[in-house]
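J.: Below: one structure in structure tokens.
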Amino acid sequence: QVQLVESGGGLVQPGGSLRLSCEASGTIPSSDAMGWYRQAPGEQRDLVASITRGGSTNYADSVKGRFTISIDNAKNTVYLQMHSLKPEDTAVYYCNAGFTFSGTYYRLNHWGQGTQVTVSS
């Protein structure tokens, strides 16, 4: 059973930065990509960023230019560096193992437990 464990969330002031990490305890043969999702209270879980094992990335429009996703295949770890954080970035952030097809990320049913990010003064 593969486990995804997120870390790095917390409380930060608007304009601040955080780096999230997600370490996978194993590999999923059907997965060639990883993604970060977020879910605010009462909202659906939305894809924020994705990255293939080869390093190709995609971002939601709301975070382009502020967030950077990266992957360390040797450590089986994916990161989300977040800068210029806004109150609307407040959410629980989840790591996901998925796959890509024709440039689109598709999630598999492998999730971390989530890490809370709160942006507030």
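The values are calculated or read from the model by the stated rules, or taken from the named source; none is laboratory data. Bear in mind that the values here come from a model prediction, so they are computed numbers and not experimental data. Please note: Cβ atoms are built from the backbone with ideal geometry, for glycine as well, and neighbour counts cover all protein chains shown. These area figures cover heavy atoms from the full protein model, side chains too; ligands, DNA and RNA do not enter into them. Shrake-Rupley method; radii C 1.70, N 1.55, O 1.52, S 1.80 Å.
J.: Roughly what % of DSSP beta bridges within the chain run antiparallel, to the nearest 5? Present the calculation step by step, with values, prior to reporting the outcome.
T.: Values: 40 of 44 bridges.
Of all bridge pairs located within the chain, approximately 90 percent are antiparallel.
J.: Still on this structure, I have one more. With all protein chains present, how much of the accessible area of the chain (probe radius 1.4 Å) comes from carbon and sulfur, to the nearest whole percent? Spell out each step's value before the answer.
T.: On the way: 2970 of 6370 Å².
Summing carbon and sulfur atoms, their accessible area is 47 percent of the total for the chain.
J.: Per residue, how much accessible surface does the chain expose to a 1.4 Å probe? Answer in Å², no decimals.
T.: Result: 53 Å² per residue.
J.: What does the net charge come to around His83 if you take all other residues with beta carbon closer than 14 Å to its beta carbon, with K and R at +1 and D and E at -1?
T.: Working: positive: Arg19, Lys64, Arg66, Lys86; negative: Asp89.
With Lys, Arg at +1 and Asp, Glu at -1, the neighbours total +3.
J.: Could you size up the charge dipole of the chain around its Cα centre, putting +1 on the beta carbon of Lys and Arg and -1 on that of Asp and Glu, and report it in debye to the nearest 20?
T.: Values: 9 positive and 9 negative charges, 24 e Å.
That gives the chain a dipole magnitude of about 120 debye.
J.: What percent do you get for the relative contact order of the range 14-108 when only Cα pairs under 8 Å and 6+ apart count?
T.: Normalised by residue count, the contact order of the range 14-108 is 39 percent.
J.: Describe numerically, in nm with one decimal, the distance between label points set 7 Å from Cα along Cα→Cβ at Ser70 and at Thr118.
T.: A separation of 2.9 nm, rounded to one decimal place.
J.: Can you work out the FRET efficiency for the pair Gln81 and Trp111, with r the C-beta to C-beta distance and R0 = 30 Å, to the nearest 0.05?
T.: Calculated transfer efficiency: 0.90.
J.: Another question about this same structure. Taking every pair of alpha-carbon atoms in the range 31-80, give the share separated by more than 11 Å as a whole percent.
T.: Working: 826 of 1225 pairs.
Roughly 67 percent, once rounded to a whole number.
J.: With 10 Å bins from zero, work out the P(r) of the chain over every alpha carbon pair and list the percent per bin.
T.: The percentages, shortest bin first, are 14, 50, 30, 5, 0.
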